[in-house]
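*Asks:* Please see the structure below; I have some questions.
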Amino acid sequence: AQTVTQSQPEMSVQEAETVTLSCTYDTSENNYYLFWYKQPPSRQMILVIRQEAYKQQNATENRFSVNFQKAAKSFSLKISDSQLGDTAMYFCAFAAPSTSGTYKYIFGTGTRLKVLA
Amino acid sequence: DTGVSQDPRHKITKRGQNVTFRCDPISEHNRLYWYRQTLGQGPEFLTYFQNEAQLEKSRLLSDRFSAERPKGSFSTLEIQRTEQGDSAMYLCASSLGGGVGGYTFGSGTRLTVV
């Protein structure tokens with residue numbers, strides 16, 4: 001069975017600084033995708049960044065980038081120039097094909113990030 | 001189209017009552033998912049629809065839970081004879097295709113069973 005582990009329940013960072021959130025996963029699949037989602041307080045989950053497992057190049061989206069280490073099954077998220085609006089719960093998610101023909105997501109338990117002014 | 005809508009946002013019900021939640025996905029999205037999120041946990045998969053067909057159900061979805069997606073548009077999730085353990089955030093998401101591009105989530109329905 002696939003599992004996703006986020007070992008940092010809470011983190012804080014000063015505004016404008018850089019922070020890295022950790023995520024590890026376990027799978028025997030070779031074809032899968034990895035995601036980071038942001039869930040602000042009382043608001044919907046928003047996709048931050050995605051990574052295809054078959055791509056060696058790390059994904060980047062503006063201030064957000066990932067460090068994808070396939071052999072180590074590690075997928076960390078780096079947020080540069082942190083902003084107050086980055087305060088949220090961040091979930092790492094793993095997606096692999098299910099028997100029903102869709103990609104079913106498995107989420108970690110989340111990391112609560114607080115950006116300090 | 002303003003995204004995935006869920007109704008109601010909050011529901012408080014007495015133990016033993018039935019509740020029904022609604023999800024309106026993005027109109028072009030043919031796939032719809034229900035997830036449950038309890039306090040301190042990530043979302044857990046409940047069930048998946050492709051158009052009107054319910055193609056996968058988690059073992060978390062007991063006999064008291066039923067979901068429908070008539071005509072492949074909106075979806076409803078009903079919980080019969082609610083229990084305190086059903087208290088959670090119920091999230092709906094939709095995707096175009098298999099979801100490799102990411103799901104679009106709604107804001108969720110928070111259920112409290114008292």
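The values are calculated or read from the model by the stated rules, or taken from the named source; none is laboratory data. Please read these numbers as outputs of a predicted model, since none were measured by experiment. Cβ coordinates were reconstructed from backbone atoms using ideal geometry, including for glycine residues, and neighbour counts include every protein chain displayed. Heads up: the accessible areas ignore ligands, DNA and RNA and are worked out on the full protein's heavy atoms, side chains in. Shrake-Rupley method; radii C 1.70, N 1.55, O 1.52, S 1.80 Å.
*Asks:* Please compute the contact order of segment B:1-54 in relative form: average sequence separation of alpha-carbon pairs under 8 Å and at least six residues apart, divided by the residue count, as a percent.
*Replies:* The normalised contact order for segment B:1-54 reaches 28 percent.
*Asks:* In Å², and per residue, what accessible area does chain A have when probed at 1.4 Å with the other protein chains present?
*Replies:* For chain A, the per-residue accessible area is 50 Å².
*Asks:* Hey, could you grab the Kirkwood Rh for segment A:3-116? Inverse mean 1/r over distinct alpha carbon pairs, Å, one decimal.
*Replies:* Final number for the Kirkwood radius of segment A:3-116 is 14.3 Å.
*Asks:* Output the relative contact order of chain A, whole-number percent, from Cα pairs under 8 angstrom with separation of 6+ residues.
*Replies:* About 36 percent, as a whole number.
*Asks:* Now a separate question. Compute the separation of the alpha-carbon centres of segment A:1-61 and segment B:22-67 and state it in Å as a whole number.
*Replies:* 22
*Asks:* Express in Å², to the nearest 10, the accessible area of B:LEU32 obtained by rolling a 1.4 Å probe over the protein heavy atoms while all chains stay in place.
*Replies:* Rounded to the nearest 10, that gives 0 Å².
*Asks:* Do you know which residues of segment B:12-43 lose at least 20 square angstrom of accessible area in the protein assembly compared with their chain on its own, with a 1.4 angstrom probe?
*Replies:* So the qualifying set is B:ARG31, B:TYR35, B:GLN37, B:GLY40, B:GLN41, B:GLY42, B:PRO43.
*Asks:* Then there is this: Probe radius 1.4 Å, ligands and nucleic acids left out: can you give me the accessible area buried at the B-A interface, summed over both chains, in Å² to the nearest hundred?
*Replies:* The summed interface area works out to 1800 Å².
*Asks:* Here's another thing I want to ask about it. Keeping the other protein chains in place, figure out the carbon and sulfur percent of the accessible area of segment B:1-91, with a 1.4 Å probe.
*Replies:* With neighbouring chains kept in place, the figure for segment B:1-91 is 42 percent.
*Asks:* Regarding the protein assembly as shown, what's the average projected area of the Cα-atom convex hull, expressed in nm²?
*Replies:* Taking the Cα atoms of the protein assembly as shown, their convex hull projects to 12.6 nm² on average.
*Asks:* Okay, moving on. At a probe size of 1.4 Å, how large is the accessible area of A:SER22, to the nearest 10 Å²?
*Replies:* Per-residue accessible area (A:SER22): approximately 40 Å².
*Asks:* Moving on. Give me log10 I(q)/I(0) at q = 0.16, 0.20, 0.23 Å⁻¹ for segment B:1-102, Debye formula, one equal scatterer per alpha-carbon, no solvent.
*Replies:* For the requested q values the scattering log ratios are -0.67, -1.04, -1.34.
*Asks:* Please check segment B:72-112 for residues whose accessible area, probe 1.4 Å, is lower by 50 Å² or more when all protein chains are in place than in their chain alone.
*Replies:* Buried by the other chains: B:VAL100, B:TYR103, B:PHE105.
*Asks:* What's the local net charge at B:LEU32, with K and R +1, D and E -1, over the other residues with C-beta under 14 Å away?
*Replies:* So the surrounding residues net to +1.
*Asks:* Follow-up. Would you mind checking segment B:79-93 for residues with the amide N under 15 Å from a putative spin-label position 7 Å along Cα→C-beta of B:LYS14?
*Replies:* Residues B:81-84 fall inside that zone.
*Asks:* Considering only Cα-Cα distances, which of the following residue pairs are longer than 23 Å: B:LYS14/B:LYS71; A:LYS73/A:LYS114; A:LYS38/A:LYS114?
*Replies:* With Cα atoms farther than 23 Å apart: B:LYS14/B:LYS71; A:LYS73/A:LYS114.
*Asks:* Here's something else I'd like to know. So what is the relative contact order of chain B, in percent, for Cα pairs below 8 Å that sit 6 or more residues apart?
*Replies:* Relative CO of chain B lands at 37 percent.
*Asks:* Also, quick follow-up: Hey, any idea what % of segment A:1-85's accessible area is carbon plus sulfur with a 1.4 Å probe?
*Replies:* So the carbon and sulfur contribution to the accessible surface is 42 percent.
*Asks:* Follow-up question, since we're still on this one. Can you give the local net charge around A:TYR32? Use residues other than it whose beta-carbon is closer than 14 angstrom to its beta-carbon, Lys and Arg +1, Asp and Glu -1.
*Replies:* Taking every other residue near A:TYR32 into account, the sum is +2.
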